[in-house]
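Peer 1: Below: one structure in structure tokens.
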Amino acid sequence: MGLGPQAALAQARATPAAQLPSLGDGSSMTTSAERRLGERIAREIYRDPDYIDDPVLVEYVQSIWQPLLNAARQRGELTEELDQRFAWEVLMGADRTINAFALPGGYLGLHLGLLGVVTSPDELASVLGHELSHVTQRHISRMMESQSKAMPWMIGAMILGVLAASKSPDAANAMVVGGQAAAVQNQLNFSRDMEREADRIGYGVMTQAGFDPIGFVSMFEKLQQASRIGDNGSLPYLRTHPLTTERIADMQSRQALDARPVHAPPSALHAMMAARARVLGNPGIDMLRAWVAEAKAVHPTGPAVDVRSIAVLYAGALSALHQRDFAMARNLVVRLQALTTTDPALARISRLLAAEIEWGAGDVPATAALLDLQAPGRPELVLGSQVRTRMGQATDAIARLQPWVALHPRDGTAWQLLAAAYTAQDQTLRAIRAEAEAQVARLDYAGAMDRFRAAQDYVRKPPPGSGPVDDIEASIIDTRTRQIQALLKEQALDKANN
Ligand SMILES: [Zn+2]
């Protein structure tokens, strides 16, 4: 998580409207202007039905993303100013296309399709490190400079258009739109030099963060293979990152330096996460059926950790859950749990899936029995809060959620869960404020104002029999209303000026 609303507000205020950069005169984009453009794009992504906040996958991606950020800080690539000003958030899309992209303002997009094909955390780190370096090297602001005639809102619209077109709801449609997208994309692509710089710096960042350089090499090979097959339809990443001869030559010289075998040992945790990404990435009913069939037929080998069987059972159990075949899902997850008992990290992920299956089947006590409600992880927090609220233990849910949102004010999902817990307790005013904060977290300031106004109305005219209004809560609501109003005004000015 990055800046909280207060910090974001302070930052927005740091650049009065009068100092807004004009892209037309060839000056480069300031960090605040780039952040605001990024927020405009991120707001649309949050609204996209494909945007997915899957706590298990988010936690996994963060376990790779945070070390990369730290390494970039240590190396001085991520300066203090950029660290403060940009969001540094990875937004995931439930899309089976293989894509990852840097957006203005420190937002990164990651399609589940890419997560589903990388075979190690090191490969994922190489992609994220590359995209991270596009941002820290200010490639986006430099690209905007070269597009000086285009207004920021146009660039924002173009980026959103390319993103929409890069998805593939159905193949034929995607091909038609793909052609148009390619035309627009040519104007938005990073230069070859920028790509090589992102390779070089990304490589330094990922290796300093402790990831195996082999991941960089094998990811390159994977892309090379895909480009030979010519499957660019499902690989928008290749369109934005063409494998030029220079990039390949650079890669080969790095590979020679390392001179190690190209395949890292498979990690069972990664294999489970990739399986989850494949199932959640909108694969279609036929794929779900095929994964269940594959899992039914799997025969685990020997006493050692059997990565393939673990991944196949994980995908099968989750696919069965998505088909609402709970008996099958339970059957497969029990077999998965039997294979993962010896490793605590794997056992936890299997148990979380078992809990998810019981929750899907509507068995709340069974879900609670499987969840470690005291565990510090976000997956336990998210599912655990819902379980507790459903079981009439909203007080316990609130006791965990309140300190969490204080630490992670941009966790929209947690704010929503807090709103539900307050609602269950008939704490209407607090519920409305939590709903408003959930909108702020998703950068929807207009939606947030709507809820804050509703809260102010409630304070002025509490419904009969609702008891006295909490003065502290009322004053927080007034302060937040003013702050969000200011953010909305900034947005309006942005639009008018650009
Ligand atoms: Zn790139």
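Peer 1: Please identify the pairs in which a residue from the stretch 125-138 that is among the charged types (D, E, K, R) has its Cβ atom under 7 Å from the Cβ atom of a residue that is near the ligand (Cβ under 10 Å from one of its atoms), counting only partners at least 6 apart or on another chain.
Peer 2: Hits for this filter: E131/A100; E131/F101; E131/A102.
Peer 1: Which of the residues spanning the stretch 118-139 are open to solvent by less than 10 Å² (accessible area, probe 1.4 Å) and within 11 Å of the ligand (Cβ to nearest atom)?
Peer 2: Result: V127, G129, H130, E131, L132, S133, H134, V135, H139.
Peer 1: Do the conditions hold for G284, that is, is it within 16 Å of the ligand (Cβ to nearest atom), out of contact with any Leu (no Cβ under 8 Å at 6 or more places or on another chain) and modelled with pLDDT of 80 or more?
Peer 2: Considered against the rule, which asks whether it is within 16 Å of the ligand (Cβ to nearest atom), out of contact with any Leu (no Cβ under 8 Å at 6 or more places or on another chain) and modelled with pLDDT of 80 or more, G284 comes out as no.
Peer 1: What number of residues within the stretch 335-377 satisfy the criterion of being more than 25 Å from D411 (Cα to Cα) and under 23 Å from the mean Cα position of the chain (by Cα)?
Peer 2: Residues that pass the stated criteria total 1.
Peer 1: Another question, then. Cβ-Cβ distance below 7 Å, separation of 6 or more or different chains: which pairs start in the stretch 423-435 with a residue that is without any contact (Cβ under 8 Å) to a residue 40 or more places away in the chain and end on one that is open to solvent by 60 Å² or more (accessible area, probe 1.4 Å)?
Peer 2: Every condition considered, the pairs that remain are A431/T423; I432/R451; E435/R451.
Peer 1: Considering A424, A446, A438, which residue is open to solvent by less than 50 Å² (accessible area, probe 1.4 Å) and either touching a strand residue (DSSP E or B) at 6+ places or on another chain (Cβ under 9 Å) or among the small types (G, A, S) (or both)?
Peer 2: Going through A424, A446, A438 in turn, just one is open to solvent by less than 50 Å² (accessible area, probe 1.4 Å) and either touching a strand residue (DSSP E or B) at 6+ places or on another chain (Cβ under 9 Å) or among the small types (G, A, S) (or both): A438.
Peer 1: May I ask you to verify whether L91 is outside any loop (DSSP other than H, G, I, E, B) and either touching a strand residue (DSSP E or B) at 6+ places or on another chain (Cβ under 6 Å) or over 16 Å from G210 (Cβ atoms) (or both)?
Peer 2: Yes; evaluated as a whole, the condition is true for this residue.
Peer 1: If V90 passes every condition in (1) touching a helix residue (DSSP H, G or I) at 6+ places or on another chain (Cβ under 6 Å); (2) open to solvent by 10 Å² or more (accessible area, probe 1.4 Å); (3) at positive phi; (4) not polar (S, T, N, Q) but one, which one does it miss?
Peer 2: Just one mismatch for V90, condition (3).
Peer 1: Given the criterion of a type in the set (D, E, K, R), farther than 26 Å from A345 by Cα and in contact (Cβ under 8 Å) with a residue 40 or more places away in the chain, identify the matching residue among R390, R410, R378.
Peer 2: R410
Peer 1: Of the residues I98, I52, I64, only one is within 15 Å of the chain's Cα centre (by Cα), open to solvent by less than 10 Å² (accessible area, probe 1.4 Å) and either touching a residue at least 60 places away in the same chain (Cβ under 8 Å) or away from the ligand (no atom under 14 Å from the Cβ) (or both); which?
Peer 2: Step by step, each of I98, I52, I64 is checked, and only I64 is within 15 Å of the chain's Cα centre (by Cα), open to solvent by less than 10 Å² (accessible area, probe 1.4 Å) and either touching a residue at least 60 places away in the same chain (Cβ under 8 Å) or away from the ligand (no atom under 14 Å from the Cβ) (or both).
Peer 1: For the stretch 227-246, give me each residue that is modelled with pLDDT under 70 and surrounded by 13 or more Cβ atoms within 10 Å (Cβ to Cβ).
Peer 2: Those that are modelled with pLDDT under 70 and surrounded by 13 or more Cβ atoms within 10 Å (Cβ to Cβ): S227, N232, G233, S234, L235.
Peer 1: Right, another one. Return the residues of the stretch 340-368 that are within 22 Å of D325 (Cβ to Cβ) and surrounded by fewer than 18 Cβ atoms within 10 Å (Cβ to Cβ); say none if nothing qualifies.
Peer 2: To start, the set of residues in the stretch 340-368 that are within 22 Å of D325 (Cβ to Cβ) comprises 340, 349-367.
Listed by number, the residues that qualify are G360, A361, G362, D363, V364, P365, A366.
Peer 1: Give all pairs with beta carbons closer than 6 Å in which a residue from the stretch 444-462 that is in contact (Cβ under 8 Å) with a residue 12 or more places away in the chain meets a residue that is polar (S, T, N, Q) and open to solvent by 50 Å² or more (accessible area, probe 1.4 Å); count only pairs at least 6 apart in sequence or on separate chains.
Peer 2: The qualifying pairs are A448/Q439.
Peer 1: Can you pull out the residues in the stretch 67-87 that are assigned to a helix (DSSP H, G or I), open to solvent by 50 Å² or more (accessible area, probe 1.4 Å) and within 17 Å of R138 (Cα to Cα)?
Peer 2: R73, E80, E81, Q84, R85
Peer 1: Something else: Kindly establish whether A436 is of a type outside the set (F, W, Y) and closer than 20 Å to K489 by Cα.
Peer 2: yes
Peer 1: Could you say whether any residue in the stretch 189-198 is within 15 Å of the ligand (Cβ to nearest atom), touching a Phe, Trp or Tyr at 6+ places or on another chain (Cβ under 6 Å) and at pLDDT 85 or above?
Peer 2: Taking every residue of the stretch 189-198 in turn, none turns out to be within 15 Å of the ligand (Cβ to nearest atom), touching a Phe, Trp or Tyr at 6+ places or on another chain (Cβ under 6 Å) and at pLDDT 85 or above.
Peer 1: Report, ordered by the first and then the second residue, all pairs with beta carbons closer than 6 Å, sequence separation of six or more or different chains, a first member in the stretch 281-302 that is more than 22 Å from L110 (Cα to Cα) and open to solvent by 40 Å² or more (accessible area, probe 1.4 Å), and a second member that is assigned to a loop (DSSP other than H, G, I, E, B) and modelled with pLDDT under 95.
Peer 2: Between residues of the stretch 281-302 that are more than 22 Å from L110 (Cα to Cα) and open to solvent by 40 Å² or more (accessible area, probe 1.4 Å) and residues that are assigned to a loop (DSSP other than H, G, I, E, B) and modelled with pLDDT under 95, the close pairs are P300/D306.
Peer 1: Quick one: how many residues across the stretch 319-332 are open to solvent by 20 Å² or more (accessible area, probe 1.4 Å) and either in a loop (DSSP other than H, G, I, E, B) or farther than 14 Å from S350 by Cα (or both)?
Peer 2: Summing the residues that are open to solvent by 20 Å² or more (accessible area, probe 1.4 Å) and either in a loop (DSSP other than H, G, I, E, B) or farther than 14 Å from S350 by Cα (or both) in the stretch 319-332 gives 7.
Peer 1: Quick check: is even one residue across the stretch 80-92 within 13 Å of the chain's Cα centre (by Cα), among the β-branched types (V, I, T) and away from the ligand (no atom under 15 Å from the Cβ)? If you could, list the steps in order and put the result at the bottom.
Peer 2: Just the residues of the stretch 80-92 that are within 13 Å of the chain's Cα centre (by Cα), to begin with: 87-92.
With among the β-branched types (V, I, T) added as a condition, the list becomes 90.
Now narrow it down to the ones that are away from the ligand (no atom under 15 Å from the Cβ): 90.
Yes; the residues of the stretch 80-92 include at least one that is within 13 Å of the chain's Cα centre (by Cα), among the β-branched types (V, I, T) and away from the ligand (no atom under 15 Å from the Cβ).
Peer 1: State the number of residues belonging to the stretch 281-298 that are in contact with a helix residue (DSSP H, G or I) (Cβ under 9 Å, 6 or more places away or on another chain) and not in a helix (DSSP H, G or I).
Peer 2: Count: 5.
Peer 1: What residue, among those in the stretch 303-318 that are part of a loop (DSSP other than H, G, I, E, B) and touching a residue at least 12 places away in the same chain (Cβ under 8 Å), is most open to solvent (accessible area, probe 1.4 Å)?
Peer 2: Once the filter is applied, the top-ranked residue is V305.
Peer 1: With the condition kept exactly as written, say whether any residue in the stretch 100-121 is out of contact with any Leu (no Cβ under 8 Å at 6 or more places or on another chain), outside any loop (DSSP other than H, G, I, E, B) and either under 20 Å from L443 (Cα atoms) or charged (D, E, K, R) (or both).
Peer 2: no
The values are calculated or read from the model by the stated rules, or taken from the named source; none is laboratory data. Computed from a predicted structure; not experimentally measured. Don't worry about glycine lacking a Cβ; one is built from the backbone with ideal geometry, like all the others, and counts go over all protein chains shown. In case anyone asks, the SASA skips ligands and DNA or RNA and just uses the protein heavy atoms, side chains included. Shrake-Rupley method; radii C 1.70, N 1.55, O 1.52, S 1.80 Å.
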